[in-house]
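The values are calculated or read from the model by the stated rules, or taken from the named source; none is laboratory data. The structure displayed is predicted, hence computed values, not measured ones. Positions of Cβ are generated from backbone atoms using ideal geometry, with glycine treated the same way; all protein chains shown enter the neighbour counts.
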Amino acid sequence: MIRLCLLLTLLSIWSCKPTEPVQPNILFLFADDQRADALGISGNSILQTPSIDELARHGVLFTNAYVMGGNHGAICMASRAMLFSGKQLFQVYDRLQGLETMTMDFARAGYTTFGTGKWHNEREAFEASFQQAKTVYLGGMADHYGVAVRDYDSLGMLGEPEIKGYSTEIFAQSAIDFIRSQEGATNPFFCYVAFTVPHDPYSPKPEFIGKYPDGSIPIPPNYLPFHPFEFDQLTVRDENLTGWPRKPEVIQMILSDYYSMISHLDTQISKIIATLKETGQFENTIIVYAADNGLAAGSHGLLGKQSLYEHSIKVPLIIQGPGIPKDKSFDAFAYIHDIYPTLAELAGLPKREDLDGKSLVPVIQGEQDSIREIMFNAYRHTVRSVRKENWKLIRYPERDFTQLFDLSLDPHEIKNLADDSSFLDKKLELIHLMEKSQFLAGDTVSFTAKTLKPLAYNPDTLTRKPDQWQPEYTLRRYFDQDK
């Protein structure tokens, strides 16, 4: 009897002993060239994205998330370098090789790290950052019908390229296979899925072509046939995807294909989420949905992301999972490079003091309204912008030209207030904040360049031609019209 009582006492003490918290899995879903407003949950009444919308309804949505910018036309390279390093543009530019990355940090904490999809930085940086990999695309853009992808070999190195199928589906299937492999695993996982849509070529999978019929999508409120002035290379690759002037009906065609690719992406995300649930891993998985940069798609007479208008630098950012409140929307400023420290804190990793990104956890948990007051953005040496609250100033040093927008009244950046004397004080305030932001970032571009270039240009002199990645569908649809 005495032994039984002693045993029961020990069992009681053991059962009351606090258990170690279980670290959450991480599922990171990353889209390519998706505007922040290209989601149903973001107020788009035409685009159907029920699975992504559901993530936001069961988590948090950041409505002012941005990519800081880029040092050349391939914004996604700088964006992904900032994401994985947690560092700002002028610290990392588009390079990751030799740097400590987000998934290296999680691997040290005991996570199994897996990557699939697009990797537009150094191959060596990928191989150093992921323990497992399948269906990886090394490059910026590709024919979605026949993207050349690589798997890890027995030495943990990316092998020879092969064609497996339509990009969105092969990346999703690789993520599904990995998640299934982790059922019952003792270590948490970090699964990074980098899709190549809705980046052009504007070529949905055949069964999604026509989901949004041509002419059914209104042109953007800030549509223009030409950009009103020259500020950089107006024929940078993205801008070649249709001619000048931008015809409203062609912009509607682009949006039809763009929306179709996003809806297809949504169906594949639904399958990944379903796999988490089937394997019993959903409740302990933090899910992030984001994109590397936005896209003009006809706004301001532009097609690409090589500008600092809201449509090109603002991105979707959704976080859902254990410890995350449900159905919350935050207007706090966030950068893509804030995601790394945010996930690290949510997973209980040691804080790294050398990161430029800031954890969004205080905002998510309702402890703070914001983590920064100023949003500073840069594109090459040609454009700078700064935003405080709803006021935004864009500066073009080589053209000695300034734009000032009140985003609360003019969210589409149509009415330039820079020359209105009523807003001189606000303009001067933002100029001071821009100069201060440049100093803090290590940006040495002068407010006004020594040699000025004209604003005016002749759109009739702009020429275009298709690149090697355009499949037959887009050649017929967007290029044969020029013949």
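Quick rundown of the values:
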{"item": "Unmet requirement for Phe90, which otherwise passes all of (1) of a type in the set (Phe, Trp, Tyr); (2) out of contact with any Phe, Trp or Tyr (no Cβ under 6 Å at 6 or more places or on another chain); (3) buried (at least 24 other Cβ atoms within 10 Å of the Cβ)", "result": "(3)"}
{"item": "Gly321, sole failed condition from (1) out of contact with any Lys or Arg (no Cβ under 8 Å at 6 or more places or on another chain); (2) surrounded by 23 or more Cβ atoms within 10 Å (Cβ to Cβ)", "result": "(2)"}
{"item": "Within segment 57-153, strands (runs of 3 or more DSSP E) holding 1 or more residues that are in contact with a Lys or Arg (Cβ under 8 Å, 6 or more places away or on another chain) and on the phi > 0 side of the Ramachandran plot", "result": "132-138"}
{"item": "Matching strands (runs of 3 or more DSSP E) fully within segment 259-362 where at least 2 residues are touching a residue at least 40 places away in the same chain (Cβ under 8 Å), closer than 24 Å to Val197 by Cβ and of a type in the set (Gly, Ala, Ser)", "result": "285-291"}
{"item": "Flag for Lys118 being in the same structural domain as Ser174 (by TED's automatic domain parsing), in contact with an Asp or Glu (Cβ under 7 Å, 6 or more places away or on another chain) and closer than 25 Å to Gly348 by Cβ", "result": "no"}
{"item": "Long-range neighbours under 7 Å by Cβ, at least six apart or interchain, first residue under 23 Å from Pro228 (Cβ atoms) within segment 416-435, second hydrophobic (A, V, I, L, M, F, W, C) and in a helix (DSSP H, G or I)", "result": "Leu417/Phe423"}
{"item": "Given (1) under 17 Å from the mean Cα position of the chain (by Cα); (2) of a type in the set (S, T, N, Q); (3) part of a loop (DSSP other than H, G, I, E, B), number of the condition Gln368 does not satisfy", "result": "(1)"}
{"item": "Qualifying residues in segment 279-306 (those that are surrounded by 24 or more Cβ atoms within 10 Å (Cβ to Cβ) and not aliphatic (A, V, I, L, M)) - the one nearest to Val383 (Cα to Cα)", "result": "Gln306"}
{"item": "Only one of Leu409, Leu430, Leu440 that is surrounded by 16 or more Cβ atoms within 10 Å (Cβ to Cβ) and either under 31 Å from the mean Cα position of the chain (by Cα) or not in a helix (DSSP H, G or I) (or both)", "result": "Leu430"}
